[in-house]
């Protein structure tokens, strides 16, 4: 374990250091949204719909308004119909004229304290005309099914939805390569299976919260637990019609997001209450409200077919996948397309046919969640590949190695794979887990237990999306770094500071990381898609290049020499090579600011967006995204050792080895933490976590019934192994790590289970009951 | 109760705390080896009681597996028993131990044997105005061992199925046995006829299977987040067998 | 809404406090809303996540499940009370050095749990550490570096000489 005191750091990239804000988090001083108090602050509470699908005929709010201490009650009638959403604009600030899921916010209250606000919210009555509802994909696409969004065609969409076939479908996408019919005809062996996954809850420890305040000029500031201040600003702007110049979105410390806080939910409501009352309003959801009203991971049903030659060469891959998107579109179309994008995994298939459907149902909306559609499809793909290996009598590692995609190959859609450390990842986990030894001589399990190893490979991207950075030289020679990226706790502030420092030869404590603020920061789409280290790092590299260039020019002037003779020296100096003549950054700053020939304040900017031209006939997400604009491909491999109790079916993960190619580890300790944390979130997804609906009612919205792993549910050792194959576009070669570890766990664990049990469960989570039924009756779990 | 208040359930009009009443905390071992645990003793204190050994270890093991450390510092024996949650650990363990529940009320004190105390889901023999003041555990015989086996989905969860066993073993045969099955109905249950049939046997697999069959038939398991009723019936035999084995191996420190 | 009120007198982090509160307030609410000690967090408000853990008379409890009136005259210690003169306690420093802290929301409760463990058991096994924090849910770290941190705190505490030990006392 490398222990480093932050004040002694230099050569900042590649160094393990604890987070810049770790001390305040350790001593209770860190401010999260619900910790904030403003003078005169009111507390907000929500009234949530109790019916799954209904027209709203009216509201009875007089009892709520009459409660002493209540200052405002808002309903959908108080707003113009304005729609927000990233991919489809189908959501309003509060339900308007219709509700579409149990838990949808229908009204909001502001009162002098939280208890009063909640009591008032309970007194609000909504008069509904209930409509028939659909709770499953089958019900939603059936003929004459009740329609959730009658105005779907009129909603603004970033993609072309015209391929949809039924009124509740919101997207139908296909990706093809070669000729699938021919591919299967050429195959010696074809497997055809169905895999299912359940809805997973993000379960960030900090429930969603927002605090909004309006100033004397009518400008609103909203502090919130968010993954993107710019998406918060856009959501408030779109749903309330306030110009962006009048909306400032900032974030205090955020207690985890995992995709659930990329898009807004409570923020527009808090803003509306603040504007109505003229006082600051803070809303903090209870855990139950957060589970009921925010968003989940998509439950997905996938039919997958793989065709291969007897010698193990992969020939054909076909998928038809159904994404249950819940009542609002959120990121669904993008998530489903992402799943298709990874439908082949990191393998070569000449013939590919991938079809995805996304459907509205009257349940909680499903949206972005660490992996973004990839976990669901990788689970199906990696499991089927293991079954194929068994069918062909080939070792699962060898079968994968035989068909791997390499650097220089083309991904589906034509993007060239720039780099790949995948073989090294496989080598590391296979060696560390003694895969080959154990294949030859399996570990003996104690009486009544079974033991087995499983492997899975991951392919994901560090998503491109638009990014910018500003680096400013301060008068004392330190720099200010402003990127607009929100740190959710994954350590981006620290990694970005490390990259900025390294780009200028400074120590990390000479970098002032400015908190994301739509007033002051340059645009960053958000903290998601495993993209911040990668994309913001690239923008920072551009910005520090500019700053260095400007400083060098000034230094050449001050030292009266040629540019070519200068070198950057650690600690904030530029000197003449081979001499001890130098100037400090502070001196350069002074020159730039005070002297007529100084050129003005030294500032550098970077702005990155992929600009490969869009071929409208050849895109991801039906006209929206050129394949080359999706992201930088990243790869990983995981091996998991499980033990199964034959009496109860309970699966325990004994040990895990997770190797991920991150290009370059800016902060190795932080990368390890992401790998371990992502693995455990994937362990929960694979074994214990399932949101359960009874019709439209979520039956387990609490930690008492919805179980995430505790310290006693995880292996003693989760070996995080870092592989580094430098990315060509990043100043330090780095790529992202946020999502891949979860994707790996969700596939490696089921593969280990199948190896140990000799029986496969094709539905996640593999609960003890599903496992026991598989052991005893050969059931595959899909209908359990 | 506080969790319910936090969730917006109606507040009780009055709450009476027992925390300052003297004599309601702690454990005493009497001259004959009987043990009395006072009602306000927290789970953590019971879990740390090495004097609860042999035939009484089952009570300590149950306390050790309740929820999480912070909850074990707050929850009390009396509180758990009065709550009578079908999925709780103490009721099942005390049923196997053969405890007597000591009650006090406006009409004085009385003893209720544990076999008559749990009447249904969240329902006990407590009369209006009565509180639990303690639990008396019978003196353990020298040849007795005991154990509490809890199977749950994840650590700290309520039991999916729990089995508590108190067993006497001498000269290669069972001299006495009490088996309680928890989380499989409104209350934990024993099947005395099955227990009697095990006395004198070697508690071999075949004998235990027959006993387990009786427990499966007698219980009324729920279908809930932790599993279906069917699933619980499937796993009871194996868990019962495992619990008996663990109890017999307890003095050798072997567990499975 | 008429509710009975009372004045609660107790000690928090060594300071005597007296606050006027409705009788049904929880200790968590009183600490956060009346005393501005926001280190203890409201992660679930039902006693299942551990983010609200504090010490009452040196015993670790869930402040969201404890009625404030029941801690009258008691000594309450929150995470804010662990550092001395701006210097981290041994447990806090170990959490920093082992890289255990990610989003931080669970960490105040985690550090309280760890401090309570080491005050009672300065040489815990890895198993005992895992049990001690089994009631603290963390979604970011996977618990690995948290256990590392607690082991580190314990080993430093044992290895330090008397003077160091006093400076780095576990301190609850």
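Sorted fewest first by neighbouring Cβ atoms within 10 angstrom, A:594, A:411 come out as A:594, A:411.
Going by how many other Cβ atoms sit within 10 Å of their own, how do A:301, A:370 line up, fewest first? Show your work: numbers first, answer last.
Details: A:301 21, A:370 27.
Starting with the residue having the fewest Cβ neighbours, the order is A:301, A:370.
Taking a ≥ b ≥ c as the square roots of the eigenvalues of the Cα gyration tensor, the range B:145-251 is prolate, since a/c reaches 1.5 or more and a/b is larger than b/c. Here the range A:371-523 is treated as an ellipsoid with the same Cα gyration tensor; its semi-axes, largest first and in whole Å, are 44, 20, 16. Rg of the Cα atoms in the protein assembly as shown, relative to 2.2 N^0.38 Å, amounts to 0.95. Kirkwood analysis of chain C, using all unique Cα-Cα pairs, places the hydrodynamic radius at 16.4 Å. Counting Cβ atoms of other protein chains within 10 Å of each residue's Cβ and taking the mean over peptide C:76-83 gives 2. For the range A:40-98, the alpha carbon positions stretch 41, 29, 20 Å along the principal axes, listed from largest to smallest. Take each residue of peptide A:200-210, count the partner chain Cβ atoms within 10 Å of its Cβ, and average: the result is 4.
Normalised by 2.2 N^0.38 Å, where N is the number of residues, the alpha-carbon radius of gyration of the range C:84-168 equals 1.02. Peptides B:16-25, A:209-218, A:520-529 ranked from most to least packed by the mean count of surrounding Cβ atoms within 10 Å: A:520-529, A:209-218, B:16-25. In terms of the Cα gyration tensor, with a ≥ b ≥ c the square roots of its eigenvalues, is the range A:627-773 rounded because a/c is under 1.5, prolate because a/b exceeds b/c, or oblate? Prolate is the answer for the range A:627-773, as a/c is 1.5 or above and a/b outweighs b/c. Comparing C:110, C:60, C:87, which has the greatest mean-square fluctuation in the GNM of chain C with Cα pairs linked when under 10 Å apart? Largest GNM mean-square fluctuation: C:87. Per Stokes-Einstein, at 37 °C and 0.692 mPa s, what whole-number D in µm² s⁻¹ belongs to the range A:673-749, with the Kirkwood radius over Cα pairs as the hydrodynamic radius? For the chosen part, D equals 224 µm²/s. From the alpha carbon centroid of the range A:709-784 to that of the range A:48-84 is 43 Å.
Taking every C-alpha pair closer than 8 Å and separated by at least 6 residues, the mean separation divided by the residue count of the range C:84-168 gives a relative contact order of 44 percent. When only alpha carbons are used to place a centre, the range A:231-264 and the range A:573-646 end up 24 Å from one another.
In the range B:1-53, Cα pairs under 8 Å separated by at least six residues give a relative contact order of 23 percent. Which of B:128, B:194, B:47 ends up with the largest GNM mean-square fluctuation for chain B, with Cα atoms connected below 10 Å? In this elastic network of chain B, the residue with the biggest mean-square fluctuation among B:128, B:194, B:47 is B:128.
Using the Cβ-Cβ distance between residue A:77 and residue A:151 with R0 = 25 Å, the FRET efficiency computed as 1/(1 + (r/R0)^6) comes to roughly 0.85. Every Cα-Cα pair in the range A:476-590 was counted, and those over 24 Å apart are 31% of them. Based on the Cβ-Cβ distance of residue A:717 and residue A:311, what FRET efficiency does E = 1/(1 + (r/R0)^6) give at R0 = 41 Å, to the nearest 0.05? Efficiency at R0 = 41 Å is approximately 0.65.
The order of A:783, A:652, going from fewest to most other C-beta atoms within 10 Å of their C-beta, is A:783, A:652. By the equivalent-ellipsoid construction on the alpha carbon gyration tensor, the range A:289-388 comes out with semi-axes of 29, 12, 10 Å, ordered largest to smallest.
Per residue, how much space in cubic angstrom lies within the convex hull of the C-alpha atoms of the range A:89-224?
Details: hull volume 32.2 nm³, N = 136.
Hull volume normalised by residue count: 237 Å³.
Taking 0.36 nm per residue of separation and subtracting the Cα-Cα distance, full extension of the segment from residue A:130 to residue A:699 would add 202.8 nm. Its residue count N sets the reference 2.2 N^0.38 Å, and the alpha-carbon radius of gyration of chain B equals 0.99 times that reference.
Computing FRET efficiency as 1/(1 + (r/R0)^6) for residue B:119 and residue B:34, where r is the C-beta to C-beta distance and R0 is 25 Å, gives about 0.50.
Based on the alpha-carbon gyration tensor of the range A:623-709 and its eigenvalue square roots a ≥ b ≥ c, which shape applies: rounded if a/c is under 1.5, prolate if not and a/b is larger than b/c, or oblate? Please list the in-between numbers first.
Values: a/c = 2.31, a/b = 1.33, b/c = 1.74.
Since a/c reaches 1.5 but b/c is at least a/b, the shape of the range A:623-709 is classed as oblate.
The convex hull defined by the C-alpha atoms of the range A:161-304 has an orientation-averaged projected area of 13.0 nm².
A simple spin-label model places the labels of residue A:476 and residue B:142 7.9 nm from each other, with each point 7 Å out along Cα-to-Cβ. Here each label is just a point 7 Å from Cα along the line to Cβ, and for residue A:612 and residue A:597 those points are 4.8 nm apart. For chain B, the relative contact order comes to 17 percent (Cα pairs under 8 Å, sequence separation of at least 6).
Counting only Cα atoms, the size of the range A:741-784 along its three principal axes is 32, 20, 13 Å, in decreasing order.
Note on the range B:27-137: along the principal axes its Cα atoms extend 35, 33, 22 Å, ordered by decreasing extent.
If you wrap the range C:5-81 in the convex hull of its Cα atoms and look at it from every side, the mean projected area works out to 4.2 nm².
Here, each number is a calculation from the coordinates, and none is a lab measurement. Keep in mind it's a predicted model, so treat the numbers as computed, not measured. Heads up, the Cβs are rebuilt from the backbone with ideal geometry, glycines too, and the neighbour counts pull from every protein chain shown.
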